[in-house]
Amino acid sequence: MAKYRPEMNREARQKEARLKLSDPNSYPRSPENLSKFREMYQETVTSKVGVMCISEIPDDILMWSHYSDSHKGICIVLDRKFLPTAHPVNYEKSRPTVNPIIDTPEVMLDRSMFTKSDHWFYEKEWRVLQYERGASAYQFPEKILVGILLGAQISEENKLLVHQWAEQSPSKPWVKQVFLSPTEFKITI
């Protein structure tokens, strides 16, 4: 059928179709279609996939600034053996490309969910995806929690709450205070 590109013969249309299927960057795209695809994909990811982000390093000053309300929060220390589905994040200069015609939904999701800009390499991040329940509270096995680090700027009220909770917790996590070094831009535990 020659409805699509009637000016081309069958062989030329098949060649163009093979090219489009093999390289998602080889052909012009309609901005409207791209926008609708992004919206659909974002809605699917947002509503159906939960992401838990964890790091290998508990003492990075930037991470305490970014993720713990400027050192007022806590950092929980988990036993990695209870996170068998955790995958390391890939740090790249370029955004990953996905081809909805060739790639499976799993491949597209993995490329988009496990890739970050190489600017964030210092985080040494791992991610756990929760497909079944989507974005919701993540339930840990009790024995996974081994420790709690208290931020350098945590309030006395919150410090007391964390200590009380840790004492009552079945896993009995240790609790340690984090301090900002007075002479260097770093954290000490």
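Only one entry of Leu161, Leu149, Leu145 meets the criterion of being modelled with pLDDT under 95 and either closer than 13 Å to Ile76 by Cβ or surrounded by 12 or more Cβ atoms within 10 Å (Cβ to Cβ) (or both), and that entry is Leu145. Within the stretch 96-121, being under 30 Å from Leu149 (Cα atoms), charged (D, E, K, R) and surrounded by 15 or more Cβ atoms within 10 Å (Cβ to Cβ) holds for one residue alone: Lys116.
With respect to Ser171, determine if the residue is more than 23 Å from Ser70 (Cβ to Cβ), in contact with a helix residue (DSSP H, G or I) (Cβ under 9 Å, 6 or more places away or on another chain), hydroxyl-bearing (Ser, Thr, Tyr) and in a loop (DSSP other than H, G, I, E, B). It is true that Ser171 is more than 23 Å from Ser70 (Cβ to Cβ), in contact with a helix residue (DSSP H, G or I) (Cβ under 9 Å, 6 or more places away or on another chain), hydroxyl-bearing (Ser, Thr, Tyr) and in a loop (DSSP other than H, G, I, E, B).
Conditions tested, residue by residue: (1) aliphatic (A, V, I, L, M); (2) touching a Cys at 6+ places or on another chain (Cβ under 9 Å); (3) in contact (Cβ under 8 Å) with a residue 12 or more places away in the chain; (4) under 30 Å from Pro182 (Cα atoms).
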| site | (1), (2), (3), (4) |
| --- | --- |
| Ile101 | yes, no, yes, no |
| Glu106 | no, no, no, no |
| Arg111 | no, no, yes, no |
| Lys116 | no, no, yes, no |
| Ser136 | no, no, yes, no |
| Leu150 | yes, yes, yes, yes |
| Ile154 | yes, no, yes, yes |
| Asn158 | no, no, yes, yes |
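Determine whether the stretch 41-54 contains at least one residue that is out of contact with any Leu (no Cβ under 9 Å at 6 or more places or on another chain), among the charged types (D, E, K, R) and in a loop (DSSP other than H, G, I, E, B). No, the stretch 41-54 has no match at all.
Quick check on Lys15: is it farther than 30 Å from Ala137 by Cα and modelled with pLDDT of 70 or more? The answer is yes for Lys15.
To keep it simple, each residue is scored yes or no on (1) under 21 Å from Gly50 (Cβ atoms); (2) loosely packed, with under 12 Cβ neighbours inside 10 Å.
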| site | (1), (2) |
| --- | --- |
| Ser68 | yes, no |
| Gly73 | yes, no |
| Leu78 | yes, no |
| Pro88 | yes, yes |
| Ser94 | no, yes |
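Output the residue which, of all residues in the stretch 164-186 that are among the β-branched types (Val, Ile, Thr) and under 13 Å from Ile74 (Cβ atoms), is least open to solvent (accessible area, probe 1.4 Å). Across the stretch 164-186, the extreme among qualifying residues is Val178.
The values are calculated or read from the model by the stated rules, or taken from the named source; none is laboratory data. These numbers were taken from a predicted model, which means no experiment stands behind them. Neighbour counts are summed over all protein chains in view; Cβ atoms, including those assigned to glycine, are modelled from backbone coordinates with ideal geometry. The protein model used for the area step is the full one, side chains on, heavy atoms only, and it has no ligands, DNA or RNA in it. Shrake-Rupley method; radii C 1.70, N 1.55, O 1.52, S 1.80 Å.
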